[in-house]
Amino acid sequence: MSLGRLTHLFRMLHRKCRSHYYYPRTNNTKSRVQVPDEKVPWDTKWEEYNPLTYTASHIVGQPWADPDITDSNFHPQWNKMDGNINRESYMGVYQIVDSYPLNPLGRTGLRGRGVLGRWGPNHAADPVVTRWRRDKSDNVEIHQNTNKPILQFVAIQRRDTGEWAIPGGMVDPGEMVTSTLKREFMEEALNVLESDYAEREKCKATIGKFFEEGENLYRGYVDDPRNTDNAWIETVAVNFHDDSGTSVGAFPLCAGDDAVNVRWVDIGCDLSLYASHIDIIEKVVARHIAHW
Ligand code: RP5
């Protein structure tokens with residue numbers, strides 16, 4: 001087996017959602033069954049597997065969340081568009097077992113929905129906004145070890161875990177992914193929610209134009225710590241690159257909404273990021289032949 005294929009399989013095992021004993025946002029009260037690598041695939045028999053079922057009480061009844069699977073008025077259309085809710089997975093057709101959708105990457109050590117709104121795939125969008133790192137004379141900086149230019153991306157620090165991340169967010173029902181990408185970037189990295197009408201309109205116009213030229217980087221599963229056996233996050237990640245650094249690259253950043261900090265971060269292989277965002281960042285590096 002090639003090294004590339006081995007690396008791919010290793011990553012496909014989803015780790016972040018198994019690596020914490022306690023499920024996020026539960027004050028260490030809801031624990032996961034620890035799932036060893038070899039027991040992750042559903043087709044590996046594990047008869048004693050009987051994890052906790054947990055759905056956070058604060059999501060019950062929210063307009064953005066599904067009802068309980070046992071609700072007699074809930075008739076989800078799995079693996080397809082369900083009205084304006086996208087229940088299709090980028091990972092292919094997922095199984096439904098005893099009425100519950102099964103995580104396509106395998107066991108996570110927790111049943112239920114956790115804090116996720118949807119059973120099955122929860123669709124997100126991640127804008128990867130990049131520019132070159134430049135010195136005081138405005139020359140692109142080259143890394144002395146790799147002899148490649150250093151790429152930077154706009155990263156936010158998440159309020160929930162404190163980790164640095166791509167400023168992504170969930171796709172609202174009926175919303176185009178292109179709109180989610182713009183909305184999330186403007187809310188989390190430019191704080192438009194707290195700007196006045198005139199500023200917001202100006203920002204929308206500039207971002208709208210800049211976001212016309214996106215390059216698809218990735219669509220698929222995110223190894224998010226909130227994933228469960230029956231609910232998981234998938235994303236579409238798109239790169240918006242400011243080559244000259246004069247448009248969005250020169251914009252003043254300001255953290256908003258779910259972000260407590262925002263900044264341009266130098267990209268390198270030693271970055272530590274939320275969920276599996278480092279895998280998305282690695283793809284943008286390959287696209288621009290940048291330092292890694
Ligand atoms: C990640 O969580 C996605 O890649 C996206 O960045 C983010 C969406 O969740 P929220 O930031 O809305 O909590 O899995």
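Quick notes on this structure:
- Identity of the residue in segment 161-180, assigned to a loop (DSSP other than H, G, I, E, B) and away from the ligand (no atom under 12 Å from the Cβ), that ends up farthest from the chain's Cα centre (by Cα): G174
- Checked against the criterion of being without any contact (Cβ under 8 Å) to a residue 60 or more places away in the chain and within 19 Å of V238 (Cβ to Cβ), segment 161-175 has at least one qualifying residue.
- Filtering segment 266-284 to residues that are touching a residue at least 12 places away in the same chain (Cβ under 8 Å), in contact with a Leu (Cβ under 8 Å, 6 or more places away or on another chain) and either within 12 Å of the ligand (Cβ to nearest atom) or β-branched (V, I, T) (or both) leaves I267, I280, I281, V284.
- Selection within segment 249-265 - more than 14 Å from the ligand (Cβ to nearest atom) and within 24 Å of R219 (Cα to Cα): W264, V265
- Just one residue in the set E184, E199, E213 is under 30 Å from L13 (Cα atoms), at pLDDT below 95 and of a type in the set (D, E, K, R); that residue is E184.
- Selection over segment 217-237 of residues that are crowded, with 23+ Cβ neighbours inside 10 Å, more than 9 Å from the ligand (Cβ to nearest atom) and of a type in the set (V, I, T) gives a count of 1.
- Residue count for segment 215-258, restricted to those that are farther than 19 Å from S179 by Cβ, touching a helix residue (DSSP H, G or I) at 6+ places or on another chain (Cβ under 6 Å) and of a type in the set (A, V, I, L, M): 0
- Unique residue being closer than 18 Å to P127 by Cβ, charged (D, E, K, R) and away from the ligand (no atom under 13 Å from the Cβ) when the list is R158, R200, R183: R200
- Residues that are of a type outside the set (A, V, I, L, M, F, W, C), surrounded by fewer than 23 Cβ atoms within 10 Å (Cβ to Cβ) and within 22 Å of G220 (Cβ to Cβ) within segment 146-173 comprise R158, T161, E163, G169, D172, P173, listed in sequence order.
- Looking only at segment 238-248, residues that are away from the ligand (no atom under 16 Å from the Cβ) and of a type in the set (V, I, T) come to 2 in all.
The values are calculated or read from the model by the stated rules, or taken from the named source; none is laboratory data. Computed from a predicted structure; not experimentally measured. All Cβ positions, even for glycine, are placed from backbone atoms using ideal geometry, and neighbour counts span all protein chains on display.
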